[in-house]
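Quick note: the coordinates plus some simple rules give every number you see, no bench work behind them. Fair warning: this is a prediction, and the values are worked out from it, not measured in the lab. Using ideal geometry, Cβ is built from the backbone for each residue, glycine included, and neighbour counts are taken over all protein chains shown.
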Amino acid sequence: MTGPAGSLVGFDAWAELVGDSPVSRTEWAALVAAWSEPHRRYHDLAHLAAVLGLVGQLSDAAADPAAVRLAAWYHDAVYDPTRSDNEQVSAQRARAGLRGLVPDDRIHAVERLVLLTAGHDPEPGDADGAVLCDADLAVLASPPDAYASYASAVRAEYGHLSDEVFTAGRTAVLEQLLALPALYRLPAVAAEWTPRAQANMTAEVALLRSRAASGPASPPPATG
């Protein structure tokens, strides 16, 4: 990855958080390799760069911006669409990968933040959780065409599932997000992003339900 987005996931950006050492270089290379796995269609280096960029923009709201940035690096470090515990395993990956690179209290903070991305429901007053979760869910507030591309990429990641099984699971995820007390927690973005995200997700749920009602026909690739 090149350009501004590439610099966000480059070693210099990583070294700002953990220093420059043989161990940190090895860990950075391992993370980049993980985020570059061929089965990833959305949860890839571009997504990591996007989340890191937004975390940087929202960092004034964070109590520990460095911990949030590290959590962004690890939040989907393990991403296997065939399992349901990716966040837990990613948090374990953070604990192992950061050992000796940052203090234990920061490792614990990173683990906690990574685990939050399983439900995207930080407690009131959890500034760091709000920054990470809002950055991770920002894609939901994309313009409709970009949202359709995102949904299509997610569907591609779950290509091993039948349309029926994927539709049920995807609908459940979207309904869970729509039911959150607040989708976005930071006032700086909530007023603008929330109505766009709700409109996108509501439209996708309606489309998924329509397809489920009409039978087993395969979905068009643009909408997932």
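Some notes on this structure:
- Overall form of the range 77-119 per C-alpha gyration tensor (a/c, 1.5; a/b vs b/c): oblate
- FRET efficiency for Ser210 and Ala33, using Cβ-Cβ distance with R0 set to 45 Å, rounded to 0.05: 0.70
- Cα-based shape type of the range 141-214, given that a ≥ b ≥ c are square roots of the gyration tensor eigenvalues and the cut on a/c is 1.5: prolate
- In this rough spin-label picture, where each label sits 7 Å from Cα along the Cβ direction, the Ser84-Asp20 distance is 4.6 nm.
- Within the chain, helix-based [θ] at 222 nm, where runs of 4 or more DSSP H residues each add -39,500 (n - 2.57), nearest 500: -21000 deg cm²/dmol
- (i) 1.10; (ii) 1.02; (iii) 1.19, with the label sought being that of the calculated Cα Rg over 2.2 N^0.38 Å: (ii)
- Acute angle (nearest 10 degrees) that the helix 22-35 long axis makes with the longest principal axis of the chain, alpha-carbon atoms: 0 degrees
- Nearest-ten-degree value, helix 144-157 long axis tilted from longest Cα axis of the chain: 80 degrees
- Inter-label distance, nm, simple model (7 Å from Cα along the C-beta direction), His160/Ala118: 2.0 nm
- For the chain, the longest principal axis of the C-alpha atoms and the axis of helix 45-58 are separated by about 70°.
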